[in-house]
1. Can you name every one of the strands (runs of 3 or more DSSP E) wholly within segment 212-291 that holds 2 or more residues which are not assigned by TED's automatic domain parsing to the domain that holds Gln425?
2. When you check Ser69 against the structure, is it more than 29 Å from Val394 (Cβ to Cβ) and under 28 Å from the mean Cα position of the chain (by Cα), yes or no?
3. Here is a list: Arg401, Arg373, Arg384, Arg380. Which entry is surrounded by 21 or more Cβ atoms within 10 Å (Cβ to Cβ), of a type in the set (D, E, K, R) and in the same structural domain as Gly297 (by TED's automatic domain parsing)?
4. Do the conditions hold for Ala201, that is, is it part of a helix (DSSP H, G or I), out of contact with any Asp or Glu (no Cβ under 7 Å at 6 or more places or on another chain) and surrounded by 24 or more Cβ atoms within 10 Å (Cβ to Cβ)?
5. Just a yes or no: is a residue in segment 28-49 within 15 Å of Thr111 (Cα to Cα) and either among the charged types (D, E, K, R) or within 26 Å of the chain's Cα centre (by Cα) (or both)?
6. Among the residues of segment 405-444, write down those that are hydroxyl-bearing (Ser, Thr, Tyr) and under 13 Å from His374 (Cα atoms).
7. Taking Val368 and the conditions (1) of a type in the set (A, V, I, L, M); (2) assigned to a strand (DSSP E or B); (3) buried (at least 18 other Cβ atoms within 10 Å of the Cβ), which numbered condition does it fall short on, given that it satisfies the others?
8. Just one of the numbered conditions (1) within 30 Å of Gly419 (Cβ to Cβ); (2) surrounded by fewer than 15 Cβ atoms within 10 Å (Cβ to Cβ) is not true of Gly119; which one?
Amino acid sequence: MTNTTAASRLATALGIVLGTAEIPLRLRAWDGSEAGPADAPVLEFRNRRALRRILWSPGQLGLSRAYVSGDIDSPGDIFAAFTALSSAGKFAEPGPFKPLTPAEVWTLLTTAVRLGALGPNPAPPPEEARVQRTGRMHSKRRDAAAISHHYDVGNDFYSLVLGPSLVYSCAVWGSSLGSDSSGTGAGDGSPDSLVSGLDSAQEAKLDLVCRKLGLQPGMRVLDVGCGWGSFALHAAERYGVSVVGVTLSTEQAMLARKRAADAGLTEKIDIRVQDYRDVNDGPFDAISSIGMSEHVGREQTPHYVSRLYSLLRPGGRLLNHAISWNAGPTSPDPDSFIPRYVFPDGEMISLGEMVSALEAGGLEILDVDALRRHYALTLRAWVRRLEANWDEAVKLTSMGRARVWRLYMASSALGFEAGITGVNQVLVQRPGGAEPPLRRSDWI
């Protein structure tokens with residue numbers, strides 16, 4: 001006899017979307033019925049609207065909307081559920097989601113009819129970005145709106161997730177799990193040990209950037225995309241430099257200025273709400289760009305390089321720390337979860353493209369440092385902090401926003417672990433001035 005429970009029909013529908021006959025999840029329907037492998041991670045469909053979202057957007061976007069809205073949930077280990085989901089069928093293939101065939105669409109519609117799930121397209125959750133496709137791509141106005149969507153969520157919320165360091169880029173951990181007892185290691189790799197070592201690992205990253213840039217007392221440094229001022233504070237306090245930090249986020253700038261004042265460093269740190277393209281008071285002895293160039297975009301990257309080159313004195317160094325797309329000739333799907341909910345207009349380019357752009361812009365490559373595994377560990381620590389402070393996170397933002405961040409950070413960690421994305425520090429120097437060091441021992 002054919003199994004016709006709600007869960008079994010949901011399994012059929014999800015299998016069509018994923019492009020696989022055997023789904024690697026245990027599905028639990030709104031009526032309590034279950035289907036799928038008994039020992040698999042659980043994905044819970046709380047109502048028929050969840051299926052309707054997937055019907056209207058059959059792919060990552062529909063599932064993401066259902067998760068953010070709370071129509072579906074993963075009540076257990078979110079990493080286990082997303083690992084299973086991302087390894088199945090079409091989800092295992094990087095790049096834009098392949099559309100359904102007419103036969104698949106018909107079967108999906110028939111399943112929805114039998115489950116009573118047909119209806120109008122539900123409105124997207126309010127956390128979905130509204131800045132996309134409004135104005136010219138990467139214009140100053142549109143970039144400011146995109147940055148505001150992501151960063152002006154609330155400083156208290158970011159403090160809860162990132163911890164006291166308030167560093168929103170990958171930390172640098174010890175050489176291997178369990179081998180480092182200095183406070184920068186990841187311990188045994190468990191969530192709690194990652195959280196306990198996070199601040200020290202972030203401090204290690206900030207110090208590594210300072211050493212790579214060759215900072216010395218009296219230097220003048222530009223920090224592009226300065227965030228909440230953590231690098232500026234470290235560089236000014238530990239290395240005696242003066243720092244100009246620029247961000248497009250008003251909330252970031254307010255807190256960065258307060259932190260500088262509390263540390264007695266207002267004379268050394270100038271935090272501005274300013275587009276890097278509008279900085280006109282160079283030259284600078286060194287420039288840091290940590291987790292910012294992902295917002296620049298492929299077409300604008302040569303202009304980004306040219307602008308920073310013009311702001312750097314001869315012999316000065318630039319460190320570009322950026323996430324890279326490692327999945328070959330395919331490109332990320334612009335209608336997938338992260339562009340819609342997390343980084344509107346964000347574009348990841350490959351490491352090769354970035355290195356080529358820096359060289360074409362007249363800069364000499366001094367060093368390339370791949371930190372892919374470091375970011376996976378960092379993201380797992382952030383997820384742990386969010387989950388441990390879940391009620392407070394919801395209170396500070398919204399349930400939907402907290403769910404966006406849980407999904408974003410967990411899925412990003414898996415992307416780094418799978419090698420689909422990477423993160424690299426590329427150190428370059430503008431020709432002229434002092435020669436670069438002969439060996440990397442200056443900063444390693």
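1. none
2. In short, no.
3. Values: Arg401 fails: surrounded by 21 or more Cβ atoms within 10 Å (Cβ to Cβ); Arg373 fails: surrounded by 21 or more Cβ atoms within 10 Å (Cβ to Cβ); Arg384 fails: surrounded by 21 or more Cβ atoms within 10 Å (Cβ to Cβ).
Just one listed residue meets the conditions, Arg380.
4. Values: part of a helix (DSSP H, G or I): yes; out of contact with any Asp or Glu (no Cβ under 7 Å at 6 or more places or on another chain): yes; surrounded by 24 or more Cβ atoms within 10 Å (Cβ to Cβ): yes.
Yes.
5. Yes, segment 28-49 contains a residue that is within 15 Å of Thr111 (Cα to Cα) and either among the charged types (D, E, K, R) or within 26 Å of the chain's Cα centre (by Cα) (or both).
6. Ser412, Thr421
7. (3)
8. (1)
The values are calculated or read from the model by the stated rules, or taken from the named source; none is laboratory data. Because the structure is a prediction, the values reported are computed rather than measured. Here Cβ is always computed from backbone atoms with ideal geometry, including for glycine, and neighbour counts include all displayed protein chains.
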